[in-house]
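The next block holds one structure in the form of structure tokens; read it before the comments.
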Amino acid sequence: MKKIILGAVFFVLALSLIACSHDDKENTYAPEALAGYIFIGNNEIVLDEVEIITREDKDKIEKLGLVEANDYPSGYYIYNPEVKKVSLQITDDTKYIFTDYNQLYTKDENGERLYETTKLNEFLKGSSYHDIPLEEQRIPYFLEVYDGKVISITEEFIYTQ
């Protein structure tokens, strides 16, 4: 009888440990942050990942032989040595964050124009995104991706000029 009770206690403890370790894995959810040019179609995004190099990236600037006056007068350089296309899935929950220049969705003329939506059509209409091939894109977007699904797409004002 003692063996059965002892076995049951160990069984309950083992289940508790498994449940705790499973919860820890779920709580360590961390999306991947990507930057690149995008092309949107058929509920997917094709991403050409880029690296954004800023004035602070002295080693990278030296390695690439960049000259500020010629290569990054605005304070950044978009490094894209080759087009590498990666397909990612957008969902009904994907967040689109962009500056609403034409005030299609924001109404305060002097206020904040940053707009967030889960509606793809609003992003396509209100952001700087244009339906042009990846090879011709010049505005990088910032994506959060988890398990091949896009959680968010952000257009940062500094790169739209």
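Give the Kirkwood hydrodynamic radius (Å, one decimal) of the stretch 69-146, defined as one over the mean of 1/r across all pairs of different Cα atoms.
Hydrodynamic radius (Kirkwood, Cα pairs) of the stretch 69-146 is 15.0 Å.
Taking a 23 Å limit on the Cα-Cα distance, which of the listed pairs 60/84; 95/125; 85/149; 119/149; 84/119 fall beyond it?
Cα-Cα > 23 Å for 84/119; rest within.
Among residues other than residue 137 whose Cβ falls under 11 Å from its Cβ, what is the net charge (Lys/Arg +1, Asp/Glu -1)?
Neighbourhood net charge equals -3.
Under 5 Å between amide hydrogens, which residues at least 5 positions from residue 95 or on another chain qualify, with H placed 1.01 Å from N in the peptide plane?
Amide H neighbours of residue 95, under 5 Å, 5+ apart: 152, 153.
With each label point set 7 Å from Cα along the Cα-Cβ vector, what nm distance links residue 108 and residue 79?
Those two pseudo-labels are separated by 3.9 nm.
Find out how many positive minus negative residues lie around residue 128, taking Lys and Arg as positive, Asp and Glu as negative, among other residues whose Cβ is under 15 Å from that of residue 128.
Within the 15 Å Cβ shell, the charges total -3.
How large is ³J(HN,Hα), in whole Hz, for each residue of the stretch 39-54 in order, when computed from phi with the Karplus curve 6.51 cos²θ - 1.76 cosθ + 1.60 and θ = phi - 60°, using x for Gly and Pro?
9, 10, x, 6, 6, 9, 10, 9, 10, 10, 5, 10, 10, 9, 9, 10
Mind checking the dipole of the stretch 24-161: about its Cα centre, +1 per Lys or Arg Cβ, -1 per Asp or Glu Cβ, Debye to the nearest 20?
Dipole size: approximately 180 debye.
What are the residues whose amide H is under 5 Å from the amide H of residue 90, where those residues sit 5 or more places off or on another chain and H is modelled from the backbone?
Distant-sequence amide H within range of residue 90: 44, 45, 150.
All of the numbers you see were taken from the coordinates with simple rules; none came from a lab. Since the model is a prediction, treat every value here as computed from it, not as a measurement. Cβ: placed from backbone, ideal geometry, glycine included. Neighbour counts: every protein chain shown.
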